[in-house]
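Participant: Please see the structure below; I have some questions.
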Amino acid sequence: MSHTFHIPVLGLGYSIDTPLKVARYGISSTLSIVDDDLIERMRAYHMAQSGQQYFPIPKTEADYRSKRITAYLNFLNQEINDQFDRLKQSSFTPGSEICKYFELLPESSSLKHGYELMMDYPEGESKRIFQNVLRKAMKIGAADVNIMAKVDKLNFVNGSYTGDENSDAMAAFRGFANSSLNSSVILSAGMNPRLYSYIEHFDEFLPDDHARFRKKIILKVSDFRSASIQAKFLAKKGVWVSEFRIESGLNCGGHAFATEGYLLGPILEEFKNKKIQLLDELFTTYQRVLLQRGIDLNQKPAQKISVQGGIGTAKEQVFLLKHYQLSTTGWGSPFLLVPEVTNVDQRTLDRLAAAKEEDFYLSNSSPLDVRFNSFKNSTADFQRMKRIEKGRPGSACTKKYLCNNTEFTIEPICTASRQYQHLKIKQLKSAALTIAEYEAEFDKVTEKVCLCEGLCASAYLKYEMIQPKESEAVSICPGPNLAYFNNFYALHDMVGHIYGKVNLLGDNHRPHVFINELNLYINYLQSEIKDQLFSLTDKKRKQLANFKMQLNEGIEYYKNLFKQVPDSTFPNIKECFNLLETSRFKLNQLMII
């Protein structure tokens with residue numbers, strides 16, 4: 001692998017075409033394939049930009065969702081490979097694309113060492129031979145796709161169910177499987193047995209004689225137990241997990257899937273200690289299932305482990321890679337401030353660059369009823385408040401990707417929709433609630449926002465693709481780590497920061513990634529205790545007590561870890577210990593009565 005970091009998926013529209021911008025430099029990135037309307041419009045836009053003829057795939061066409069995704073991914077694959085071929089053939093002159101490719105590489109890269117040595121060679125045949133060797137060694141970055149496994153709306157036509165294979169997640173998966181991309185599909189947000197069972201029907205995910213894959217499966221997980229359960233389920237279906245992508249439960253962007261108090265450091269330690277055992281268990285099952293299909297595989301396929309969520313300095317990057325024996329780290333939210341990589345409209349970009357820690361918070365605004373990382377100054381939140389003031393809370397639900405509520409209707413609707421909020425508020429008014437109770441419940445209902453439109457709007461604004469009557473309100477969901485980055489950056493600046501060539505944080509005081517996450521979890525526990533104050537059951541009391549115990553055990557783990565590693569690994573090691581004690585004191589002040 002050329003680089004030791006990857007760019008995770010960023011919302012719906014923020015990284016929808018990021019591979020077009022970074023893959024030729026050997027940088028891997030991920031796009032969401034949830035929204036086929038966005039995908040179809042982006043295909044039309046980029047084909048026009050590259051002078052290609054665009055043939056639309058209308059919603060009246062059979063299996064249109066899958067076909068739209070396949071068409072866009074095929075376009076990306078062809079365009080990225082064409083970019084890479086042109087880059088490889090460019091001359092090794094300062095400022096050229098091929099020089100940029102090598103200069104972005106980390107100092108530890110043998111390929112970069114070869115490049116620097118070649119540049120010092122005198123002109124002549126030896127230099128040309130050296131250049132050709134370097135060209136052959138170059139690797140293109142992966143264009144991976146992300147599916148939120150449980151965002152799997154069932155679809156109906158004229159009241160008739162169209163079948164399991166046409167549910168949203170299944171159709172999206174089929175779109176990737178049928179594409180020409182040789183990359184990975186990242187399955188996130190929990191296990192979907194129906195989708196996971198579907199994978200075995202695609203030969204593209206089977207290994208060749210050397211245990212290599214044309215298409216791979218990556219599981220995004222928050223703890224070892226979840227990873228083990230999901231991977232074993234897939235192995236029994238003859239599906240291999242090529243990578244476990246561990247994401248911090250709270251110190252990340254988008255939806256926040258909090259663990260039961262398990263912190264990132266202890267989770268990584270468990271993966272490190274148990275990965276060989278898990279690999280052996282998975283291969284035993286996988287090998288047996290493949291043999292039943294007539295495939296005799298004697299070589300274990302590769303299995304990587306990576307991490308993402310709240311990483312902010314080169315020293316954290318190096319420590320995580322080395323200490324926990326990881327393949328890559330993920331840097332997501334900071335790339336929202338890199339206009340040449342992601343799609344953030346200028347107004348939102350300005351607000352993000354000026355934001356402080358208090359501007360990033362965990363909300364209940366997602367219709368999925370999962371905590372959601374939110375930004376206080378988003379235009380979507382302003383729009384939500386205006387609609388409430390006008391007496392018309394909620395959004396017009398046009399895309400229907402997050403319709404999962406049947407409280408008032410037979411067919412599922414979205415809790416952010418005007419229809420649902422009208423019905424729910426009507427119910428609240430008829431209930432015997434005090435004014436304070438009504439206002440609290442009203443706020444819960446109207447906090448939900450339309451993510452289907454809000455997470456696409458920024459891309460449409462940036463490319464000037466907004467259609468008449470289409471909302472311009474932007475939802476953005478960066479992780480809290482973005483508070484420490486306060487400017488716009490070029491790609492080479494951000495990559496240089498990741499590899500320690502430059503420091504984009506300046507004098508900003510930023511605690512270590514582990515301590516930041518710990519404090520997010522303590523704040524989360526405090527919020528959970530407050531929410532349960534008047535309705536705490538024995539089951540919930542036990543759960544919160546266990547949560548608190550796990551956090552205390554995590555603090556002990558970090559204290560021991562900080563003692564073991566060299567001081568140079570953790571700048572201001574004394575401050576790290578002091579912050580741990582401060583966090584422990586705050587944690588133990590939380591009473592679960």
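Participant: Sort 72-81, 209-218, 431-440 by packing, meaning the average of other beta carbons within 10 Å per residue, with the highest value first.
Facilitator: 72-81, 209-218, 431-440
Participant: Another question, then. Only four residue types carry charge here, +1 at the Cβ of Lys and Arg and -1 at the Cβ of Asp and Glu. Report the dipole size of the chain about the Cα centre in Debye, rounded to the nearest 20.
Facilitator: Taking the Cα centre of the chain as origin, the dipole is about 680 debye.
Participant: Could you list log10 I(q)/I(0) for the chain at q = 0.12 Å⁻¹, which the Debye formula gives when each Cα is one point scatterer?
Facilitator: Each listed q maps to, in turn, -1.39.
Participant: List the relative contact order of the chain as a percent without decimals, with contacts defined as Cα pairs under 8 Å and 6+ residues apart.
Facilitator: Relative contact order, the chain: 15 percent.
Participant: For the range 450-542, what value does the Rg/Rh ratio take when both radii are computed over Cα atoms and Rh is the Kirkwood radius, given to two decimals?
Facilitator: Radius of gyration relative to Kirkwood radius: 1.14.
Participant: Further question: Just check the range 38-164 against the gyration tensor rule for me: Cα atoms, a ≥ b ≥ c as the square roots of the eigenvalues, rounded for a/c under 1.5, and otherwise prolate or oblate depending on whether a/b exceeds b/c.
Facilitator: prolate
Participant: To two decimal places, what compactness ratio does the range 3-103 give when its Cα radius of gyration is scaled by 2.2 N^0.38 Å?
Facilitator: Normalised Cα radius of gyration, the range 3-103: 1.20.
Participant: Once Lys and Arg get +1 and Asp and Glu get -1 on their Cβ, which of ALA380, ALA473, CYS397 lies farthest toward the positive end of the dipole of the range 379-475?
Facilitator: CYS397
Participant: Where the centre of each part is set by its Cα atoms, how far does the range 38-114 sit from the range 499-521, in angstrom?
Facilitator: Using only Cα atoms to place each centre, the spacing works out to 32 Å.
Participant: Rounded to whole Å, give me the distance from the Cα center of the range 264-305 to that of the range 368-432.
Facilitator: Centre-to-centre distance over Cα atoms comes out at 43 Å.
Participant: Sticking with this structure for a sec: Could you put MET148, MET385, MET465, MET591 in order, starting from the residue whose Cβ has the fewest other Cβ atoms within 10 Å?
Facilitator: Least crowded to most crowded, the residues run MET591, MET385, MET465, MET148.
Participant: Set Lys and Arg Cβ to +1 and Asp and Glu Cβ to -1, take the dipole of the chain about its Cα centre, and tell me which of HIS6, PRO334, ASN273 lies farthest positive.
Facilitator: ASN273
Participant: Go through 2-15, 508-521 and give me the packing order, highest mean Cβ count within 10 Å leading.
Facilitator: With the highest mean Cβ count within 10 Å placed first, the list reads 2-15, 508-521.
Participant: Which helices, counted as full DSSP H runs in the chain, have an axial Cα extent of no less than 30 Å and a Kyte-Doolittle average of -1.0 or above?
Facilitator: 264-292
Participant: The range 125-151 to the range 174-238: how many Å between their Cα centroids?
Facilitator: So the two Cα centres are separated by 22 Å.
Participant: Place +1 on the Cβ of every Lys and Arg and -1 on the Cβ of every Asp and Glu in the chain, take the dipole about the Cα centre, and give the residue among ASN192, GLN317, ILE147 whose Cα lies farthest towards its positive end.
Facilitator: ASN192
Participant: Go ahead and estimate [θ] at 222 nm for the chain from helices alone: -39,500 (n - 2.57) per DSSP H run with n ≥ 4, summed, over the residue count, rounded to 500.
Facilitator: Mean residue ellipticity at 222 nm (helix-derived): -14500 deg cm²/dmol.
Participant: Now, a different point. Starting with the fewest neighbours, write out GLU470, GLU447 ranked by other beta-carbon atoms found within 10 Å of each beta-carbon.
Facilitator: GLU470, GLU447
Participant: I've got another one for you. Determine the relative contact order of the range 511-593: mean sequence separation of Cα pairs under 8 Å and six or more apart, normalised by residue count, in whole percent.
Facilitator: This gives 48 percent for the range 511-593.
Participant: Tell me whether the range 5-334 comes out rounded, prolate or oblate; compute the Cα gyration tensor, take square roots of the eigenvalues as a ≥ b ≥ c, and use a/c under 1.5 as the rounded threshold.
Facilitator: Since a/c reaches 1.5 but b/c is at least a/b, the shape of the range 5-334 is classed as oblate.
Participant: Let me ask something else. Take every Cα pair under 8 Å in the range 379-475 that's 6+ residues apart, average their separations, divide by the length, and report that relative contact order as a whole percent.
Facilitator: Reported relative contact order: 30 percent.
Just so you know, all these numbers are worked out from the coordinates, no wet-lab data involved. Everything numeric here is computed off the predicted structure, so don't read it as measured data. Backbone-built Cβ (ideal geometry, glycine too); neighbour counts: all protein chains shown.
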